[in-house]
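The values are calculated or read from the model by the stated rules, or taken from the named source; none is laboratory data. Small disclaimer: the values here were computed from a predicted structure and weren't measured. Don't worry about glycine lacking a Cβ; one is built from the backbone with ideal geometry, like all the others, and counts go over all protein chains shown.
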Amino acid sequence: DAKTTQPNSMESNEEEPVHLPCNHSTISGTDYIHWYRQLPSQGPEYVIHGLTSNVNNRMASLAIAEDRKSSTLILHRATLRDAAVYYCILRITGFQKLVFGTGTRLLVSP
Amino acid sequence: KAGVTQTPRYLIKTRGQQVTLSCSPISGHRSVSWYQQTPGQGLQFLFEYFSETQRNKGNFPGRFSGRQFSNSRSEMNVSTLELGDSALYLCASSFTGGEYPGELFFGEGSRLTVL
């Protein structure tokens, strides 16, 4: 399974943008980049995914490097509710299996 | 629309016993996956079912098994429980089982404690 590397933790202030990096140098052409987050005492929650182009949705933006070996999840204005563990995951087309790494614990201060 | 429902939410068992956990996916979802979450190993994939067939299996011993019913509800069973099986067991459902890797919707989990 292809592997992702993320910082263990990051800190942000409320209402500031947050850039969460992810390295995936062994990504293959059919791997989608998915981001999930897990709030305390909850199951993981889907955030966003992409293949090659940058993606935006109501929760976040995903910036994918041209060589696809890295990506960045962007939260435009962090709120206290965004404090969670964020997982960057590579997912093979057609497979429902997610291989979770250790993720990045995001701390948001008021 | 109702989310993924897992029962029971909490349970305590002793070593050697067996346990069955249940998962009701979102209506219309045909793919159900199971994950184990522990502080030491993090989130690990157990298996995935689609239309009553197991399509993918993680690296767990044969004591871990599952099945899916015609209404897409799924159960997982762990036999001969060990202390290390203490974990949060998460179920996730997905609408698509095909090529497009749609998002997974997770339940809140069943927390199993083995004494």
| message | Is it the case, given these coordinates, that B:Leu112 is more than 14 Å from chain A (Cβ to nearest Cβ), in a loop (DSSP other than H, G, I, E, B) and buried (at least 18 other Cβ atoms within 10 Å of the Cβ)? | response | no
| Positions within segment B:31-66 being loosely packed, with under 15 Cβ neighbours inside 10 Å, free of Cβ contacts under 8 Å to residues at least 40 places away in the same chain and either in a loop (DSSP other than H, G, I, E, B) or among the hydroxyl-bearing types (Ser, Thr, Tyr) (or both), in sequence order | B:Pro39, B:Gly40, B:Gln41, B:Glu52, B:Thr53, B:Asn59, B:Pro61, B:Gly62, B:Arg63
| query | Since A:Ser9 meets every condition but one in (1) out of contact with any Phe, Trp or Tyr (no Cβ under 6 Å at 6 or more places or on another chain); (2) touching a residue at least 40 places away in the same chain (Cβ under 8 Å); (3) surrounded by 12 or more Cβ atoms within 10 Å (Cβ to Cβ), which condition does it not meet? | reply | (3)
| Residues satisfying the stated conditions in segment B:23-60, i.e. farther than 18 Å from A:Pro44 by Cα and away from chain A (no Cβ under 11 Å) | B:Ser27, B:Gly28, B:Ser51, B:Glu52, B:Thr53, B:Gln54, B:Phe60
| task | Starting from residues that are more than 14 Å from every other protein chain (Cβ to nearest Cβ) and crowded, with 20+ Cβ neighbours inside 10 Å, keep the ones in segment A:83-110 and report whichever is nearest to A:Gln42 (Cα to Cα). | result | A:Leu106
| Unique residue being closer than 27 Å to B:Cys91 by Cα, of a type outside the set (Val, Ile, Thr), part of a strand (DSSP E or B) and in contact with a strand residue (DSSP E or B) (Cβ under 6 Å, 6 or more places away or on another chain) when the list is A:Leu98, A:Leu73 | A:Leu73
| request: Select, from A:Thr30, A:Thr52, A:Thr5, the only residue that is more than 21 Å from A:Arg105 (Cα to Cα), away from chain B (no Cβ under 13 Å) and at pLDDT below 95. | output: A:Thr52
